[in-house]
Amino acid sequence: MSVLQTADDGFRSWRRALGRGVRHQCPACGKGSIYGRYLKVRQECDVCGLELHHHRADDAPPYFTMMILGHILVPSALILERAAMPPLWLHFSLWLPLTIILSLTVLPRVKGALIGFQWAHRMHGFGEAHD
């Protein structure tokens, strides 16, 4: 258990934790990085020592990423089709790379936000023993 976890006053802002997670920062201190590699979460924050290894993101980040990008890309493709009716090859050359790039960009941010949310609500080992 880190010093920060035992010394906090009981209130953890979920908005601040989500924002820090989106920026790949530790939800507690906002200074350390939560990732060691692309989607590999560190065992603990290198600044404040918050244990991060027990998070449970599982399948939620890809699911939320698909929902977010689906609500952006599908209407955009339909609007382009209705407005200009481009050939099929143009759709593939535009939407396929855009989908891959946006997915790889959004996924770590969503996962970080989910870890921040879990920390703020003391879920999956982020709380005290009595929580």
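The values are calculated or read from the model by the stated rules, or taken from the named source; none is laboratory data. All of these numbers come straight from a predicted model, not from anything done at the bench. Cβ: placed from backbone, ideal geometry, glycine included. Neighbour counts: every protein chain shown.
Do we find that ALA77 is of a type in the set (Gly, Ala, Ser) and out of contact with any Pro (no Cβ under 8 Å at 6 or more places or on another chain) in this structure? Criteria met by ALA77. Of the residues making up the range 78-125, those that are at pLDDT 95 or above and of a type in the set (Lys, Arg) are ARG82, ARG109, LYS111. Once the range 18-40 is narrowed to residues that are over 11 Å from the mean Cα position of the chain (by Cα) and of a type in the set (A, V, I, L, M, F, W, C), the residue that is nearest to THR105 (Cα to Cα) is CYS26. I'd like the full set of residues that are aromatic (Phe, Trp, Tyr) and either in contact with a His (Cβ under 8 Å, 6 or more places away or on another chain) or in a strand (DSSP E or B) (or both), limited to the range 23-56. Within the range 23-56, TYR35 is the sole residue that qualifies.
With respect to ARG23, determine if the residue is loosely packed, with under 10 Cβ neighbours inside 10 Å and over 19 Å from GLY125 (Cβ atoms). Steps first, answer last, please.
Values: loosely packed, with under 10 Cβ neighbours inside 10 Å: no; over 19 Å from GLY125 (Cβ atoms): yes.
Criteria not met by ARG23.
Scanning the range 1-20 for residues that are at pLDDT 95 or above, surrounded by fewer than 17 Cβ atoms within 10 Å (Cβ to Cβ) and small (Gly, Ala, Ser) gives a single hit, GLY19. What residue, among those in the range 78-131 that are surrounded by fewer than 13 Cβ atoms within 10 Å (Cβ to Cβ) and under 25 Å from the mean Cα position of the chain (by Cα), is nearest to ASP59 (Cα to Cα)? Looking at residues that are surrounded by fewer than 13 Cβ atoms within 10 Å (Cβ to Cβ) and under 25 Å from the mean Cα position of the chain (by Cα), I get LEU104.
Are any of the residues in the range 111-125 without any contact (Cβ under 8 Å) to a residue 60 or more places away in the chain, outside any loop (DSSP other than H, G, I, E, B) and on the phi < 0 side of the Ramachandran plot?
Of the range 111-125, the ones without any contact (Cβ under 8 Å) to a residue 60 or more places away in the chain are none.
There is no residue in the range 111-125 that is without any contact (Cβ under 8 Å) to a residue 60 or more places away in the chain, outside any loop (DSSP other than H, G, I, E, B) and on the phi < 0 side of the Ramachandran plot.
Assessment of the range 81-101 against the conditions (closer than 28 Å to GLY30 by Cβ and either aliphatic (A, V, I, L, M) or in a helix (DSSP H, G or I) (or both)) yields at least one matching residue.
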